[in-house]
Structures are given as C-alpha cells and as structure tokens.
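Encoded as structure tokens, the structure appears first; notes follow it.
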Amino acid sequence: MELKASVNLYTKPGSLKGFASLSINDALVIRNLSVRESENGLFVSMPSQKVGGEYKDICYPITKELREEINKVVLDAYKQELVNVRDQLNEQTKDTGGKQSGSKQKSSKSHKASEERQGDTPQNEEPEQDEQSEEGQSMGM
C-alpha cells in the first residue's frame, strides 16, 4: 500500500501543529488529519466530528500496523514541511541582507510576486482597486 501525505502548518499557540491530507494508492484521499503535540511528542489524529458531547473518528485504521504507517508518513511530511519553511525564511533573510523590518515576512511566493509587480508598475500609479471601482462606476454599477 502506497501512502503519501501533505501537511499545512498551523502556527497559532497550542497543541495543534498542522493539518494533513493522506493519499492511499493514488485512489483515495483522507483530509483533515491533524498533527498534534502532547507530553509524549507528536502524534496524528484522524478526522472526527462531534457527536453529543464527544468527538468520534470519522475514519480510522483497523490494524496497529496501518496506524503506525500513517503516523510515520504524516509526521515525516510534517517534519519536511518545517524544513521547507525554515529554508524559505533563511533564503528571504539572505535576499534582504539579514535585515528584517517590523512587519510580518511574506511567504516566498507572495514576496516574489510582489517584487515582480513592483518592477512592472511605476511607483506613482494609482492602486488597481481604484481603477476597478472607476470602471464599475463608468459601467453604471
């Protein structure tokens, strides 16, 4: 059985560290697995819904071996995503010469897109939103 996972990091404080999707044999996808941290370390929680006053797993592995394999694949993807984000931040720091402004850092994709847009448009040009509003008014909207 081939398992592949992708993880989106969750950065707010607390035990939740990320959300994952798990692909099984490129035929079935399970979404909303969560990566959580406890006193015993990281673990994977299966998707669940609230029934009455408690949460019940929507789907879950039947065997211990499959649960261990899912945990391994998802946690490996989580750790790889942490490395990717760290590398992106290091790359941004190098690009800015080690200077960091007081504002939040943009992701590398949005940062690059922003740089490309700035290079294409003059600095004194009006924002696009104003142009769209004016077009809407001229069309009778």
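Every number here is computed from the coordinates shown, using simple stated rules; none is lab data. Fair warning: this is a prediction, and the values are worked out from it, not measured in the lab. When we count neighbours, we look across all protein chains shown, and the Cβ atoms used for this are built from the backbone with ideal geometry, even at glycine.
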Just checking, how many residues over the range 32-55 are exposed (fewer than 11 other Cβ atoms within 10 Å of the Cβ) and either in a strand (DSSP E or B) or at positive phi (or both)?
-> 7
For LEU9: the one exception among (1) touching a residue at least 60 places away in the same chain (Cβ under 8 Å); (2) buried (at least 16 other Cβ atoms within 10 Å of the Cβ) | (2)
Output for the range 18-62, where each listed residue is touching a helix residue (DSSP H, G or I) at 6+ places or on another chain (Cβ under 8 Å) and closer than 21 Å to GLN80 by Cβ = GLY18, ALA20, LEU22, LEU33, VAL35, LEU42, PHE43, VAL44
Could you tell me whether any residue of the range 2-10 is in a strand (DSSP E or B) and farther than 23 Å from VAL85 by Cβ?
-> no
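Table: residues versus (1) without any contact (Cβ under 8 Å) to a residue 24 or more places away in the chain; (2) β-branched (Val, Ile, Thr).
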{"site": "LEU16", "(1), (2)": "yes, no"}
{"site": "ASN32", "(1), (2)": "yes, no"}
{"site": "VAL35", "(1), (2)": "no, yes"}
{"site": "ILE58", "(1), (2)": "yes, yes"}
{"site": "GLU65", "(1), (2)": "yes, no"}
{"site": "VAL74", "(1), (2)": "no, yes"}
{"site": "GLU81", "(1), (2)": "no, no"}
{"site": "ASP87", "(1), (2)": "yes, no"}
